[in-house]
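One structure is given here, and the rest of the page talks about it.
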Amino acid sequence: MAVDAAQALGLWGVPLAVFGGAIRASTPFIFVSLGECLTEKSGRINLGLEGTLVMGAMGGYGVSYLTGNPWLGVLAAGLAGCLLGLLHGVVCSLPRVNDIAVGIGLMLLGTGVAFFLGKPFVQPRAPILPALHLGAWSSIAQVRAALEVNVLFVIGALLAVLLHWGFVNTRVGLVVRMVGDSADAARAMGYSVGRVRILSTAAGGFLAGVGGSFLSLYYPGSWNEGLSSGQGLMAVALVIFARWSPLRCFFAALLFGGMGALGPALQSVGVTSGYYLFNAAPYVLTLVIMAASCSPRRTLAGAPGELSVTR
Amino acid sequence: MSKQDVNGDCRASATKPSAVPNTARREIVRALAVAGVGSALGLPFMPTARAEGKLVVGVIYVGPKDDYGYNQAQAQAAAALKKLPGVTVVEEEKVPETMDVQKAMGSMIEQDGASLIFPTSYGYFDPHMLKMAEKYPKVRFAHCGGLWSADKHPKNTGSYFGYIDECQFLNGIAAGHATKSRKIGFIAAKAIPQVLRNINAFTLGAQSVHPDITCQVIFTGDWAMPVKEAEATNSLVDQGVDVVTMHVDSPKVVVETAARRGIYGCGYHANQSALAPKAYLTGAEWNWTTPYTAHVTAAMSGAPMNNFMRGGLKEGYVKTSAYGPAVPDVARKMADGVKGKMMKDDFVIFKGPLKDNTGKVVIPSGTSRVQTDVVLEQMNYLVAGVVGKV
């Protein structure tokens with residue numbers, strides 16, 4: 001009765017869905033958390049990345065629709081994010097400006113502007129990014145579908161490695177870390193603290209914008225105002241959870257993406273009770289890990305010394 | 001009475017002996033707004049008086065009004081109202097189901113002079129709309145959903161709703177013909193009666209083609225969860241489901257994801273065929289213009305408000321999308337036949353013997369629950385063949 005391609009996987013569907021979900025849904029988390037990681041390493045917190053993400057999603061979709069080239073959309077999303085990051089960086093360089101307050105302001109600004117400018121793009125369909133078919137070796141349709149990987153995911157993974165390596169081994173990486181750990185030391189060495197932080201925040205904004213374009217241009221792959229539903233904020237929290245390590249950011253993002261797929265996957269195989277709890281899995285996971293890893297007796301290991309929350 | 005209102009009354013009687021100081025203050029504010037702001041900025045839509053033969057209608061949406069879904073269906077009716085002579089429509093989008101909606105209603109009434117309000121989201125009803133209805137007894141409030149009852153709620157409020165389960169039954173017939181795996185899927189937001197009724201009607205429609213069809217339901221937990229809806233669609237496809245439909249605010253994501261995974265989809269709320277021309281079978285659409293126009297006509301002529309408005313295909317409250325190319329003739333013929341019977345009140349979707357998916361008899365043999373039966377509006381079960389739990 002059932003045709004081969006549509007054969008049910010049964011319970012194997014759950015780990016497969018979590019795995020597939022980790023790949024599909026994690027990319028925005030990866031980009032936003034890597035961007036935030038870079039910004040925080042320089043000693044600033046940019047809470048506005050939720051706004052940047054939404055702005056990137058809208059800008060990317062809009063440009064892809066207008067030009068017909070989704071990659072131009074990705075670039076535009078990055079540049080929009082870069083501008084927002086630059087704004088945050090410059091404003092925070094003024095005396096007695098609190099970076100967290102500016103971030104909240106930019107979050108509201110970014111989402112508001114995106115909703116305003118994005119109105120005409122809710123209805124039309126823009127060309128979206130192609131997928132790499134890494135599952136072509138498998139005869140199982142579900143595995144092939146789970147291994148439809150977007151290039152941005154691959155770039156995100158490489159970027160995590162690159163950032164990790166860069167923070168340890170390159171001059172630029174060391175300067176960013178020094179500015180983040182001790183502004184006084186950086187000044188003594190002759191580096192402009194403000195400039196490094198502005199550039200780091202702008203680069204972080206660029207990444208978050210690209211993350212947003214993934215949402216609108218690949219998965220779920222359309223622009224509407226409920227698209228982000230707080231993913232940018234979760235990604236910022238994820239950086240603390242990952243202890244400011246780009247590699248751990250990557251794995252944490254995978255975990256969050258996978259957890260988001262757990263609720264629907266369990267229901268699809270007939271585990272029907274407690275779905276509200278399973279749907280809340282990413283949030284529960286955050287709480288559990290935060291509670292388990294926090295201690296009132298010490299600051300978080302790995303935190304940049306200049307961050308206003310740890311100072 | 002809320003605490004806030006009580007406080008307001010106390011303060012009023014303590015400071016000013018006059019009977020209606022609140023109204024007086026409001027009048028002043030309004031006069032100032034009209035005289036100062038209106039003339040200074042030259043705003044054309046500032047009302048100066050509620051003239052005879054004119055009506056200002058306020059429509060409030062919970063989401064964006066061009067979302068290919070629930071809000072778009074309401075906005076299409078609001079757009080139709082704008083064409084009626086003497087009717088001005090004021091709209092507000094993305095109003096959460098919180099105190100915000102009371103503020104939105106308040107400013108529509110006070111500043112725009114609205115005397116008929118359509119708060120279109122389920123959660124606006126209690127306590128927000130009821131509270132405002134008490135405060136403004138002369139304004140009519142028409143809520144979308146099945147919550148109004150004559151013995152509990154004020155006469156200047158009411159509910160309108162459509163028997164869209166009729167269209168979901170027809171969706172089910174199209175799905176029943178299209179499925180090869182005999183597994184169909186339903187992505188639902190929350191387990192409330194209207195949603196359960198749709199799931200059941202969709203399943204029964206498909207089972208009228210092949211009795212052994214099962215329907216896998218996934219609850220996402222909220223009305224707009226784009227990533228979760230996409231995940232749910234993917235999970236269903238992975239389990240061999242080859243036709244999906246949904247009851248979420250914006251079906252766009254589900255329809256598009258289903259098309260990308262190569263399965264069929266039936267639409268909901270509005271017509272989504274433009275999103276997936278080949279994969280779209282048919283769809284259950286609202287036609288709110290009918291109840292909207294009736295409310296406006298009554299309000300303009302001063303006729304008493306019709307508090308309880310219901311209708312299905314026959315009354316023009318709901319309609320179906322045109323069939324997609326994947327629907328075979330045999331399916332079209334069968335669905336059109338059932339639709340014809342529904343138009344003549346000659347078809348009952350929920351009739352006994354009917355069991356739920358735990359084996360309990362929910363409608364005994366010999367009982368027919370026709371569409372107008374309010375028992376159906378309290379539905380709290382999933383019929384046999386649905387895989388899922390309320």
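Things worth noting here:
- Candidates B:T358, B:T282: the one that is surrounded by fewer than 15 Cβ atoms within 10 Å (Cβ to Cβ) and either touching a strand residue (DSSP E or B) at 6+ places or on another chain (Cβ under 6 Å) or assigned to a loop (DSSP other than H, G, I, E, B) (or both) is B:T358.
- Residue list for region A:179-194, filter: without any contact (Cβ under 8 Å) to a residue 12 or more places away in the chain and surrounded by fewer than 17 Cβ atoms within 10 Å (Cβ to Cβ): A:D184, A:A185, A:R187, A:A188, A:M189, A:G190, A:S192
- So B:Y292, is it outside any strand (DSSP E or B), over 30 Å from B:V56 (Cα atoms) and away from chain A (no Cβ under 14 Å): no
Condition check ((1) touching a Ser or Thr at 6+ places or on another chain (Cβ under 9 Å); (2) surrounded by fewer than 24 Cβ atoms within 10 Å (Cβ to Cβ); (3) more than 16 Å from A:A203 (Cα to Cα)) across all residues:
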{"position": "A:K41", "(1), (2), (3)": "yes, no, no"}
{"position": "A:V54", "(1), (2), (3)": "yes, no, yes"}
{"position": "A:L94", "(1), (2), (3)": "no, yes, yes"}
{"position": "A:L108", "(1), (2), (3)": "no, yes, yes"}
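- For region A:159-178, residues that are in contact (Cβ under 8 Å) with a residue 24 or more places away in the chain and within 21 Å of A:I45 (Cβ to Cβ) total 7.
- Listing of helices (runs of 4 or more DSSP H) fully contained in region A:196-303 that carry 1 or more residues being among the small types (G, A, S), out of contact with any Phe, Trp or Tyr (no Cβ under 6 Å at 6 or more places or on another chain) and modelled with pLDDT under 85: A:231-241, A:246-268, A:281-293
- For region B:363-388, a tally of residues being more than 18 Å from B:E315 (Cα to Cα), free of Cβ contacts under 8 Å to residues at least 24 places away in the same chain and in a loop (DSSP other than H, G, I, E, B) returns 4.
- Among the candidates B:K341, B:K360, the residue that is under 25 Å from B:H177 (Cβ atoms) and among the basic types (K, R) is uniquely B:K341.
- In region B:259-275, the condition of being in contact with a Gly (Cβ under 9 Å, 6 or more places away or on another chain), crowded, with 24+ Cβ neighbours inside 10 Å and on the phi > 0 side of the Ramachandran plot is met by at least one residue.
- Annotation for region B:187-210: no member residue is within 14 Å of chain A (Cβ to nearest Cβ) and either of a type in the set (F, W, Y) or without any contact (Cβ under 8 Å) to a residue 12 or more places away in the chain (or both).
- Single residue of B:V253, B:V244 found to be at pLDDT 95 or above, crowded, with 24+ Cβ neighbours inside 10 Å and within 12 Å of chain A (Cβ to nearest Cβ): B:V244
- Cross-chain or 6+ apart pairs with Cβ under 7 Å, region A:219-241 first and facing chain B (nearest Cβ under 7 Å), then buried (at least 24 other Cβ atoms within 10 Å of the Cβ) and of a type in the set (S, T, Y): A:P220/B:T257; A:S222/A:S216; A:N224/B:S250; A:L227/A:S216
The values are calculated or read from the model by the stated rules, or taken from the named source; none is laboratory data. These numbers were taken from a predicted model, which means no experiment stands behind them. FYI the Cβ positions are ideal-geometry reconstructions off the backbone, even for glycines, and counts take in every protein chain you see.
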